[in-house]
Amino acid sequence: MSSSMAISLLLLLLLLLGAGHMTQPTAAALNQDGVLLLSFKFSLLADPLASLAGWGYSDDTPCAWNGVVCMAFPSSSASEAARVVSVVLPNAQLVGPIARELGLIEHLRHLDLSGNALNGTVPVELLRAPELRVLSLAGNGINGALPDQVGQLRSLRALNLAGNALSGPIPANLTLLPNLTAVSLANNFFSGALPVGGFPALQVLDVSSNLLNGTLPPDFGGAALRYVNLSSNRLAGAIPPEMASRLPPNVTIDLSYNNLTGAIPTLAPFTVQRPTAFAGNAELCGRPLDSLCASAADPPINGTARSPPAIAAIPKNPTEALPGDDTGAPASGSGQQGRMRMATIIAIAAGDVAGIAVLVVVFMYVYQVRKKRQREEAAKQRMGLVAGRALTSLELCQWSSAEESGQQVFRLADAALRGEMAGREEALASCLRLGFACCAMAPHKRPSMKEVVAAMDRIPSPSSSSSAQ
């Protein structure tokens, strides 16, 4: 009996232990969103800042993980009530590709992995997230083409892929997204033409610093645009005036550093931009640039830049009529333009010749005045040789009047000669008179060499004057 009681007690103990084990709650497994996020973590090559160190299978949900935001959704299962809606990990220095599993998160609305070192291509699955509103992968090393599936993101509001190595054309269906308000594809290698058509809700568009080519589409624009940056590309051709009707009048546009040509349309919003918005387009003209365009009413200059004005004004085709000239009307309905009047051409040429003649007269007058002054200076220098010093114009006039009135002119002589020339004022005056005559301004008033020799013979020498005394 004792043995049977022992067996009964043992069975009762085992039963109690089993019942206690069965009443313990079992640990819930990590939900689907958490598993998809761990796939992204394990695909990375490096996480130097340990930003994802707290991500693991030990949690029921990833809602407490770094960079993860959840939102409650009605569900029959308590574990599925909180779902991931945002993954924000900017500037975390993450290295590696972008896992395709991120696009499988059902309620993902905001994905920001900008400023990392992610590489590879943009997964097509990521562009199929039905609720994705903000996608920012800027400042990475993502390459390849942007898949056309980006046009399936009907809920997308902001797309930032700037500062990568994306190439190929910009998907044309990007312009059809109804909720897209901001797009930045700057600093990539996108090529080809701009997307044709308008953006229904877009406010900011930046595709600067790419390799876009072709011309500006006339129907490019959007009624809600506030900022458009197309600078530093390879866009060519003229700015179509039709674009003005597709853009708000107060939008800010940057078309600098392209290959645009022709005149800037004199329509808003082009006329309200700063000159820097059109800089770097060498063949672009018109306001607000300083390089104004040639008027369409002006006849083209058919001569070279070196041609005289009268020649440049004559057209190559003499049958072209002047504006407003009645003779230019077509005769007998033949449609042939009238000829320019020969009198008009002669008048233009005569006016230019008269202008040139006036310039020649002015030049000759200035030349004669300068030549006269040079002769006066030369005369002063020659008279200074006689006087032993430089004479002023006033002294020459005083000497002339003194000589004519018989006054003393001895004071004009060199001081070194005054001791020897005392009492010989008449001889000195004759020498000065002869020198003054040789310095006459008019050549015909100057004495010849024969006349100078004869005059010198008539001047009494010092020896004869001393013997006479």
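Each row is one residue, and each column tells you yes or no for (1) over 23 Å from His107 (Cα atoms); (2) modelled with pLDDT of 95 or more; (3) within 29 Å of the chain's Cα centre (by Cα); (4) surrounded by fewer than 16 Cβ atoms within 10 Å (Cβ to Cβ).
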position	(1), (2), (3), (4)
Leu159	no, yes, yes, no
Gly163	yes, yes, yes, no
Gly168	yes, yes, yes, yes
Leu176	no, no, no, yes
Leu180	no, yes, no, no
Val183	no, yes, yes, no
Leu194	yes, no, yes, no
Phe199	yes, no, yes, no
Leu205	yes, yes, yes, no
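Ala92: modelled with pLDDT of 95 or more and of a type in the set (Gly, Ala, Ser), yes or no?
The answer is yes for Ala92.
For the residues Leu118, Leu127, Leu135, the requirement of being in a strand (DSSP E or B), under 42 Å from the mean Cα position of the chain (by Cα), hydrophobic (A, V, I, L, M, F, W, C) and closer than 20 Å to Leu180 by Cα singles out Leu135. In the condition set (1) assigned to a strand (DSSP E or B); (2) under 24 Å from Ser291 (Cα atoms); (3) among the hydrophobic types (A, V, I, L, M, F, W, C), Leu205 is compliant with all but (2).
I need the full set of residues from region 46-77 which are among the β-branched types (Val, Ile, Thr) and part of a loop (DSSP other than H, G, I, E, B), in order please.
The first filter runs over region 46-77 and keeps only residues among the β-branched types (Val, Ile, Thr), leaving 61, 68-69.
Thr61, the sole residue that qualifies.
Of the residues screened, Ala223 is one that is surrounded by fewer than 17 Cβ atoms within 10 Å (Cβ to Cβ), out of contact with any strand residue (DSSP E or B) (no Cβ under 6 Å at 6 or more places or on another chain) and within 30 Å of Arg287 (Cβ to Cβ).
The values are calculated or read from the model by the stated rules, or taken from the named source; none is laboratory data. Remember, it's a predicted structure, so these values are computed and weren't measured experimentally. Note: ideal-geometry Cβ built from the backbone for every residue, glycine included; neighbour counts use all protein chains shown.
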